[in-house]
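The values are calculated or read from the model by the stated rules, or taken from the named source; none is laboratory data. Not measured: the values here are computed from a predicted model. Here the Cβ positions follow ideal geometry from the backbone for every residue, glycine too, while neighbour counts run over all protein chains shown. The protein model used for the area step is the full one, side chains on, heavy atoms only, and it has no ligands, DNA or RNA in it. Shrake-Rupley method; radii C 1.70, N 1.55, O 1.52, S 1.80 Å.
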Amino acid sequence: MIPGPYQIVACPHCQELAKYMTLMSGNTFGARVWTDGKKVAPMLPRPPVVVKCHHCTQCYWLADAEKVGTEEPYEEEGRKVNPSWAAAQVVREPTEDEYYQALQEGLAADPQQERRLRVLAWWRRNDAIRGIGQAKISSVAITSSCKKNLEALIDLLDEAVEYDRFISAEVLRELGEFESAKIILNSVTSSKYAAVVCQIRLLCDSGDSSVRELQLGS
């Protein structure tokens, strides 16, 4: 992995500056894939899709933020650095509850954005099990807000799309609805998902409702 310059962006709400690291190159060595569909590649880090402004505390889509300029992580000696760019804080991903608040405040402009936000909130919840940004734990209790989010996500998935059926089954498993999850898994017949379906079915059989890392082999 070779880091690139920091991208400086302005919050669409208050114009406060923030920054995130870009990459000149990266790779997927050591990548880990999880049953909820999230892929974590240490050598290919990506900035959050949605960020929360450090100043006004509003959430926004990073793609909607104005790109103000770039700041090299190691400036050449004698080169002037814009002090406001140097002082800009690194972008921060919302917490699970902040994603729910963003949904309530209408950050999603259409069903596709709503689906994306609900998936991101789901992943954020499961990050505690992955050990991302906090101590790793074995399971996370289903709160009423989480349950509402996952049930709404199912309604946004397309049952005609096999990947969406697989995701629906995983959502149901994490809700503890193991038999319903297995019924949907039976409809996922593509060889592409065979190994994943097998592992999720085994988790259903064991009564495990937590996100788990997939063992996909080489």
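Which trypsin sites (Lys or Arg not before Pro) in the range 114-173 sit in a loop by DSSP (not H, G, I, E or B) and have at most 11 other Cβ atoms within 10 Å of their own Cβ? Kindly include the intermediate steps, with their values, before the conclusion.
On the way: sites: Arg115, Arg116, Arg118, Arg124, Arg125, Arg130, Lys136, Lys147, Lys148, Arg165, Arg173; in loops: Lys136.
The qualifying sites are Lys136.
Averaging over all projection directions, the Cα-based convex hull of the range 28-96 occupies 6.9 nm² in the image plane. Note on Lys38: lysines with a C-alpha under 28 Å away, same-chain residues under 8 apart excluded, are Lys19, Lys52, Lys67, Lys136, Lys147, Lys148, Lys182, Lys192. In the chain, the longest principal axis of the Cα atoms and the axis of helix 194-205 are about 70 degrees apart. Using a cutoff of 8 angstrom between alpha carbon atoms and counting only pairs six or more residues apart, the relative contact order for the range 1-122 works out to 27 percent.
Indicate the gyration tensor shape class of the chain (rounded, prolate or oblate), computed on the Cα atoms with a ≥ b ≥ c the square roots of the eigenvalues: a/c under 1.5 is rounded; otherwise a/b larger than b/c is prolate and the rest oblate. Taking the square roots of the gyration eigenvalues as a ≥ b ≥ c, the chain is prolate.
A DSSP coil position with no more than 12 other Cβ atoms inside 10 Å describes the following chymotrypsin sites (Phe, Trp or Tyr not before Pro) in the range 7-75: Phe29, Tyr74. Looking at the chain, the accessible area is 55 square angstrom per residue; that uses a 1.4 Å probe and ignores ligands, DNA and RNA. Accessible surface ranking for Met1, Met24, 1.4 angstrom probe, highest first: Met24, Met1. Rolling a 1.4 Å probe over the protein heavy atoms of the range 1-139, with every protein chain left in place, gives an accessible area that is 50 percent carbon and sulfur. Can you run the Rg to Rh ratio on the range 96-218? Use alpha carbon positions and the Kirkwood inverse-distance Rh. In the range 96-218, Rg relative to Rh is 0.96.
Among Ile154, Ile167, Ile137, the largest mean-square fluctuation in a Gaussian network model of the chain, built with springs joining Cα atoms closer than 10 Å, belongs to Ile137.
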